[in-house]
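Down below is the structure, laid out as structure tokens.
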Amino acid sequence: MNHFTDLKSYTLEEKENIFKERYGNKIQFIGKNNRIINIIRALNKNTKPNPEKLGVVEGIWELNMVEKYNIKIKYFLISIEEIYTIEAQELVNSYAESTQKIFAISKKVFEAISEKVNSQGLIAVCYLPIKSLEDIPLKNNSTLVILDGLEIQGNVGTIIRSADATDVDGVIFTNRKIRLNHPKLIRSSMGSFFKVPVIDSNFDETIKWLNKNNFKIILTDTKGNLNFYESNYTGRIAVVMGSEKYGISEEWYSTNHTSVSIPMFGDCDSLNVAIAATVVLYEITLKQKKLR
């Protein structure tokens, strides 16, 4: 059993010696020009193709989620100077058992590649679990949320988080406008990105698959002729959310669908798309679980 102690009172030299003693040759010190640093910069800035579907995750919370859902890590990096807590050390120890190398970088290099204010000295490159339509688990009352043309990463991450909270079976992107490995998207999902199946698709493939598997299509629309709480949500349901600026693409209106709206009782004419999705998804879940 490993016994760790808080490292706040230790000098950098003392901490480096502790980590060298713990992990020996498994630790490799690298500088700002190392190719791994360049890979992380490119992923954060989206400056190079990403055929491996890699993403950058930072901090104790995100890395705990990566470990919890068995997401494969390609590179694991630490800034020894920034590691203090027992929890951070336990996480390093856990990843030391599952990765070939721990790459150690200076505080300055870490701050140059970090997208968060406080990442606690931990950052990793992982393989994002982007799925296909055929990977979606089908149940008699499966619920999917389709994000059509959404443009704000934080909203998308929040919707994925709400999809997790409401036991949604998958999140499908059509007419995608954002990159799925954006740090803000992953961070705002609070780890749910690694649990809920995320599918990058298009309208034609998605509608063909939905029809083949007998899904009812629900379009959320401020002009919908049915209040969201009045709709029948039995069976398999696919809820389509459109961008706040442009709404749902016209092609979705050519399908056999039901349009629902969320009534406004104040002066505003609509809700933020993430809030609207959460409201509708909870209504569906409560009805399907016969809690309403």
(message) List residues of the range 129-156, by number, whose backbone nitrogen lies under 11 Å from a label position 7 Å along Cα→C-beta of Asn46.
(response) 151-153
(request) Measure nothing but the geometry: give the 0 to 90° angle between the long axis through the Cα atoms of 35-45 and the longest principal axis through the Cα atoms of the chain, rounded to 10°. (result) 30 degrees
(request) Putting +1 on Lys and Arg Cβ atoms and -1 on Asp and Glu Cβ atoms, find which of Ser259, Ala276, Leu291 reaches farthest to the positive end of the dipole of the range 241-292. (result) Leu291
(message) Quick check: pseudo-label points 7 Å beyond the Cα along Cα→Cβ at Thr234 and Leu286, how many nm apart are they?
(response) 2.0 nm
(message) Which of Gly224, Gly24, Gly149 ends up with the largest GNM mean-square fluctuation for the chain, with Cα atoms connected below 10 Å?
(response) Gly24
(request) Run down the aspartates and glutamates and flag those whose C-alpha is under 20 Å from the C-alpha of Lys177, throwing out any fewer than 8 positions away in its chain. (result) Glu52, Asp148, Glu151, Asp200, Asp204, Glu205, Asp221, Glu244, Glu250, Glu251
(request) About the Cα centre of the chain, how large is the charge dipole given +1 on each Lys and Arg Cβ and -1 on each Asp and Glu Cβ? Please answer in debye to the nearest 20. (result) 520 debye
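I'd like the FRET efficiency for Asp135 and Glu14, computed as 1/(1 + (r/R0)^6) with the beta carbon distance as r and R0 of 41 Å, rounded to 0.05.
So the FRET efficiency works out to roughly 0.30.
Once the piece of chain linking Cys268 and Met190 is laid out straight, how much longer is it, given 0.36 nm per residue of separation minus the C-alpha distance between them?
25.2 nm
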(request) With a point put 7 Å past each Cα toward its Cβ, work out how far Phe4 is from Glu251 in nm, to one decimal. (result) 4.8 nm
(message) Strictly over 27 Å apart at the Cα level, which of Lys212/Lys287; Lys72/Lys184; Lys139/Lys195; Lys48/Lys139 would you flag in this model?
(response) Lys48/Lys139
(request) Take the alpha carbon gyration tensor of the range 130-288, find the square roots of its eigenvalues, order them as a ≥ b ≥ c, and report rounded if a/c is under 1.5; if not, report prolate when a/b exceeds b/c, else oblate. (result) rounded
(request) Per DSSP H run of at least 4 residues, take -39500 (n - 2.57); add these up for the chain, divide by its residues and hand me the 222 nm value, nearest 500 deg cm²/dmol. (result) -10500 deg cm²/dmol
(message) Among Asn202, Asn175, Leu185, whose Cα projects farthest towards the positive end of the dipole of the range 116-225, with charges put on the beta-carbon of Lys, Arg (+1) and Asp, Glu (-1)?
(response) Leu185
(message) Run the paramagnetic zone check for Asn227: 7 angstrom along Cα to Cβ, then residues of the range 251-279 with backbone nitrogen under 15 Å.
(response) 260-266
(request) Would you mind working out the magnitude of the charge dipole of the range 138-267 relative to its Cα centre, with +1 at each Lys and Arg C-beta and -1 at each Asp and Glu C-beta, to the nearest 20 Debye? (result) 380 debye
(message) Per-residue counts of other Cβ atoms within 10 Å, averaged by peptide: what ranking do you get for 163-170, 190-197, 174-181, highest first?
(response) 190-197, 163-170, 174-181
(message) Of the candidates Val57, Val117, Val260, which one comes out as most mobile in a Gaussian network treatment of the chain with C-alpha springs shorter than 10 Å?
(response) Val117
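Any read-out appearing in this document is the output of simple, stated calculations on the displayed coordinates, not a laboratory observation. No experiment lies behind these values; they were computed from the predicted model shown. Please note: Cβ atoms are built from the backbone with ideal geometry, for glycine as well, and neighbour counts cover all protein chains shown.
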